[in-house]
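What follows is a short report on a single structure.
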Amino acid sequence: MSSQSRSAARAVVYENARLIVGDGSAAIEAGALVVQDGRITAVGRKGDVSVPANAAHVDLSGRTVMPAMIDVHVHIGYEGYTRWGADNYTAQNVLDHLQREAFYGVAATQSVGSSPTDPSIQFQRDQEAGKFPPASRFLFMPGMAPPGGGPDAVLLKGTTALHAVYEVSTPEAARAAVQEMAAKNLKSVKIWVDDRRGTYPKMTPEVYAAIIDEAHRHQMKVHAHATTLPDQKAVVRAGVDVLVHTVQGEKLDDEFLALLREKKPYWTTVIGLGDRTEICDHDPFVDQTLPASVVQAIRATTEPRPLAPNCGPRSPNFAAREETLANNVSKMVSNGARLVLGTDAGIHPGYTFGSADHHEIARWVQFGVSPMEAIVAATSRPADLMGLNDMGSLAPGKRADFIVLNANPLDDIRNSRRIANVYLRGAKLDREALVAKWKKGSKT
């Protein structure tokens, strides 16, 4: 019997916790959250909520409950922790990555531009049919780039081997590719607009304009990887729905800020991949899901390497990068960019599935985003972006995907790491069993 079937027999009320709904409204003190059949049926202050007479009661005094998070941008399937590559891309490895996301309180995870289309569609069907154990809900979108362009040098090795990226060089080919995606009922597509400092072919404006136009004809959203200010201006002006990355090389100018106010794109920062890995800090929150050999190897690495973690001295550019990020994150948000959680996890084990989400939201708050706004950007707003109408907040009819915390993240966003339990569709995730599995696997 499934966990959903078991829960149908009896409602459960989680009571006396602080409830953070996820929509930006004030937290509900001494709340009651009623769950039945994997769905939330009522939420509010204890005493104001109707509770079925035979409901089970779970006392969460002193705890805080928030919606499980949603990550709109990862690269699933290639990371093997002891090795990285296309050979790792199996349904079981995808599931493992989704379990890692769930362990850290992420209820839905979207792999962007790097997952092969047909196997991903099959995985979604199998997960929805209940063929896998509990894990974060898998979503994906294809990617498009010029031949020989697109993903970074690490990711490109995997996507090339699996033919995961649609390579297009003309507007006509671009439109045909989008039409093929739409015929498979895909809802989003990623484009790379980046020449990697002159080392890659770059998608032309004519091609990405055709992609955006054709995607919008089919009610599809377009996510654009762009890292420089001129490229971000160009893709926002062209009408992309989601801007990926934060400009780090210069401060934003008035022309771009005016574009943001006009277009109001969704925006995912993906800052953490460029940060020093938290493995260097000896934080059990990060280390607990990783093989000890990987943690030791990263801590022993002191020489900087491109797209690889190390625990050496900070870059000489560290202070300048921090100053630019502080300016640009604040300006993006205050000028209308709609912040959503995305991490780029999956490129290397120093910034990886689940723990990366907590790092990213802490960076936002460091740069001036309020804890409440960070929670909205990690829960209800990505649900809105992705059309996940039954996820992202604590509200009647929504899936009962939530995190029970031992401390209040509105006081300190790093309290999002004080996880007592994670619930998916009303069933408590066995986090201890997952850690035991990962530790056992690291020894074989």
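Observations
- Counting only alpha carbon atoms, the long axis of helix 91-103 and the longest principal axis of the chain meet at about 60°.
- On the principal axes of its alpha-carbon atoms, the stretch 306-345 has extents of 37, 24, 13 Å, going from largest to smallest.
- Taking all Cα pairs closer than 8 Å and separated by 6 or more residues, the relative contact order of the chain comes to 20 percent.
- For the chain, the Kirkwood hydrodynamic radius comes to 22.3 Å, computed from all pairs of different C-alpha atoms.
- Among H97, H75, H163, the largest mean-square fluctuation in a Gaussian network model of the chain (Cα springs under 10 Å) belongs to H163.
- Once the Cα atoms are used to define both axes, helix 171-183 deviates from the longest principal axis of the chain by about 20 degrees.
- Restricting the trypsin sites (Lys or Arg not before Pro) of the stretch 63-141 to loop positions (DSSP other than H, G, I, E, B) with no more than 11 neighbouring Cβ atoms within 10 Å leaves R83, K131.
- For L339, the amide hydrogen comes within under 5 Å of the amide hydrogens of W267, counting only partners 5 or more places away or on other chains and with H modelled in the peptide plane.
- With 5 Å bins from 0: P(r) over the stretch 124-235, alpha-carbon pairs, percent: 2, 12, 21, 21, 19, 13, 7, 4, 2, 0
- When you filter the trypsin sites (Lys or Arg not before Pro) in the stretch 144-221 for DSSP loop state and at most 13 other Cβ atoms inside 10 Å of their Cβ, you are left with K184, R197.
- Reciprocal of mean inverse Cα separation for the stretch 109-182 (Kirkwood radius, Å): 13.4 Å
- Relative to the Cα centre, the charge distribution of the stretch 299-444, modelled as +1 at Lys and Arg Cβ and -1 at Asp and Glu Cβ, gives a dipole magnitude of about 540 debye.
- Max mean-square fluctuation residue, GNM over the chain, Cα-Cα springs under 10 Å, options V34, V189, V154: V154
- Computed over the stretch 272-411, the P(r) tail beyond 27 angstrom holds 30 percent of alpha carbon pairs.
- Whole-percent pair-distance distribution, where bins are 10 Å wide, for the alpha carbons of the stretch 1-146: 11, 31, 28, 20, 9, 1, 0
- Counting 0.36 nm for each residue step from N389 to R125 and taking away their Cα separation leaves a gain of 93.2 nm.
- C-alpha long axis of helix 318-334 to longest principal axis of the chain, angle in °: 70 degrees
- Given their separation in residues at 0.36 nm each and the Cα-Cα distance between them, A433 and D37 gain 140.2 nm when the chain is fully extended.
Taken together, the values in this text are just the output of simple stated rules run on the coordinates, not laboratory data. Since the structure is predicted, the reported quantities are computational estimates derived from the model, not experimental observations. Neighbour counts run over all protein chains shown; Cβ positions are idealised from the backbone, glycine included.
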